[in-house]
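Enquirer: This structure is in structure tokens; I'll ask about it shortly.
What follows is calculated from the coordinates using simple rules that are stated; it is not laboratory data. If you're wondering where the values come from, they're calculated on a predicted model, not measured in any experiment. Here the Cβ is made from the backbone with ideal geometry for all residues, glycine too, and neighbour counts use every protein chain on show.
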Amino acid sequence: MKITRTVLASLAVLGAMLPLGNGSAQEPHRAITEIAENLYRAENAGHRAVFLVTDEGVILADTINRGFSEWLKNEIDQRFGVPVRYVLYSHHHWDHASGGGVFDDTATFIAQENMLRHLELPSANTPLSGAAAEQDANGDGRLQESEASGMFAQFFSLFDENADGSLSGAEVAWGRLADVRAPDLVFKDRMTVTLGGSEAEIIHVGQMTHTLDMSVIHFPEQRAVFAVDFFSVGRLPFRTLNQGPLNEWLNAIRAVEMLDVDVVVTGHGFVGDLSDVAAHRRYIEELRDLVAAGIERGATVEELQAEILMEPYQDWLNYSDFRAQNVEGMYRILTEQQ
Ligand SMILES: [Zn+2]
């Protein structure tokens, strides 16, 4: 590799501090709310982390990004006067797992073992995603320098690892992960962390849901669980349902439903309870059954998008943005995954 991850990480930090493209340099909305005894949710715009405070320090689930982590470190220090002792990762995705290096001096980092694979080996066929995909004006699946804007334009040559003048999905993915602090300890199925007489349990929900390393963080005394990206509370699933095989995905959600908890905190959106988790699973199952019946009688995706309205869920967030994409995603799952 012609550059080190550390170099790219420090540039990613610089990039995060500069106004990018037409975005503003404003700080995102941030807040801390107690959701159960000694358990807090911390918000950074649309993203959520949770942390448990004990006399001996804090167990933090997800670091989101460097700006958030720096802010949170300061807040925890001022409010509670104890350091972050453990960072538990829900999964490796850069928008939930960046910036943890801020806690390097006091914390041990823990993740499911597959996180190491995700951090080291972006697959050569990784497609362009997110902002990079949106900037791909000629639609060739690569980002040429002339197309790039924002962070990709500013640091193009750093992302362009093989210096061929265009960025592959793998190069974009690797560059995005540059500021993700790798775990010190990994586990296979589950691991319990004990601190100051309290416990947090991190549980892998399956190899094939959302990412290979997807895990939930369970706080047994607080009767709470933190879960990210594979379901949400009062909100439609994201776009075209790229969560992995349908049964694996549903089983991961059912695994959460089997926990003995009262409080469910997700990585985006609202705090809820197990009835919200069940409602999200039922949404997916009802969508599956309606789309399957449509496929059975030979309906097209467009016809199903027009007729499957999922009315009982019209009050959920993102209903108007994602309903039609959810139908399309389910159509694809049922015709391609079988
Ligand atoms: Zn994710």
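Enquirer: Mind computing the radius of gyration and Dmax over the alpha-carbon atoms of region 59-123? Å is fine for both.
Expert: Rg then Dmax for region 59-123, in Å: 12.2, 42.
Enquirer: What is the magnitude of the charge dipole of the chain about its Cα centre, with +1 placed on the Cβ of each Lys and Arg, -1 on the Cβ of each Asp and Glu, and no other charges, expressed in debye to the nearest 20?
Expert: Values: 25 positive and 50 negative charges, 60 e Å.
That gives the chain a dipole magnitude of about 280 debye.
Enquirer: Something else now. Beta carbons within 10 angstrom, averaged per residue: use that to sort the peptides 213-221, 186-194, 126-134, highest first. Write out the running numbers ahead of the final one.
Expert: Details: 213-221: 23.6, 186-194: 14.0, 126-134: 16.1.
Order by mean packing, descending: 213-221, 126-134, 186-194.
Enquirer: Sort all Cα-Cα distances of region 173-289 into consecutive 10 angstrom bins from zero, then give the percent of pairs in each bin up to the one containing the longest distance.
Expert: P(r) over region 173-289, rounded to whole percents: 13, 43, 33, 11, 1.
Enquirer: Quick one: work out the % antiparallel among DSSP beta bridges in the chain, nearest 5.
Expert: Numbers: 36 of 52 bridges.
Just about 70 percent of them are antiparallel.
Enquirer: Strictly greater than 22 Å: what percent of every Cα pair in region 146-219 meets that?
Expert: Details: 1295 of 2701 pairs.
Within region 146-219, distances greater than 22 Å cover 48 percent of Cα pairs.
Enquirer: What Kirkwood hydrodynamic radius do you get for region 101-210 when you take the inverse of the mean 1/r over all pairs of distinct Cα atoms, in Å? Intermediate results must be reported in sequence, preceding the final value.
Expert: Values: mean 1/r = 0.0616 Å⁻¹.
Evaluated over region 101-210, this radius sits at 16.2 Å.
Enquirer: While we're here: Residues with beta-carbon under 11 Å from that of D273, excluding D273: net charge, scoring Lys, Arg +1 and Asp, Glu -1?
Expert: The answer is -2.
Enquirer: Identify, among L72, F270, H280, the residue whose Cα sits farthest towards the positive end of the charge dipole of the chain, taking +1 on the Cβ of Lys and Arg and -1 on the Cβ of Asp and Glu, with the dipole about the Cα centre.
Expert: Final value for the positive-end residue is L72.
Enquirer: A follow-up question, please. Please compute the Kirkwood hydrodynamic radius of region 230-338 from all pairs of different C-alpha atoms, in Å with one decimal.
Expert: On the way: mean 1/r = 0.0703 Å⁻¹.
Hydrodynamic radius (Kirkwood, Cα only) of region 230-338 equals 14.2 Å.
Enquirer: Hey, could you get me the Stokes-Einstein D for the chain, Kirkwood radius over alpha-carbon pairs, 20 °C and 1.002 mPa s, rounded to whole µm² s⁻¹?
Expert: Details: Rh = 21.1 Å.
Answer, rounded: 102 µm²/s.
Enquirer: Please rank D55, D276, fewest neighbouring Cβ atoms within 10 Å first, as an exposure proxy.
Expert: On the way: D55 11, D276 19.
In order of increasing Cβ crowding within 10 Å: D55, D276.
Enquirer: Which whole-number value in Å³ per residue fits the convex hull of the alpha carbons of region 1-188?
Expert: Residue-normalised Cα hull volume stands at 123 Å³.
Enquirer: Calculated from DSSP H runs of 4 or more alone, at -39500 (n - 2.57) each and per residue, what is the 222 nm mean residue ellipticity of the chain, nearest 500? Please list the in-between numbers first.
Expert: Numbers: 12 runs with 122 residues, N = 338.
Computed mean residue ellipticity for the chain: -10500 deg cm²/dmol.
Enquirer: In whole Hz, what ³J(HN,Hα) sequence does region 258-269 give by Karplus (6.51, -1.76, 1.60; θ = phi - 60°), x for Gly and Pro?
Expert: Going residue by residue, I get 7, 6, 8, 9, 10, 10, 10, 10, 10, x, 9, x Hz, with x marking Gly and Pro.
Enquirer: Residue by residue through region 308-320, what is 3J(HN,Hα) from phi via Karplus (6.51 cos²θ - 1.76 cosθ + 1.60, θ = phi - 60°)? Round to whole Hz and write x for glycine and proline.
Expert: Per residue, the Karplus-derived 3J(HN,Hα) values read 8, 9, 6, 3, x, 10, 5, 8, 5, 4, 6, 4, 6 Hz.
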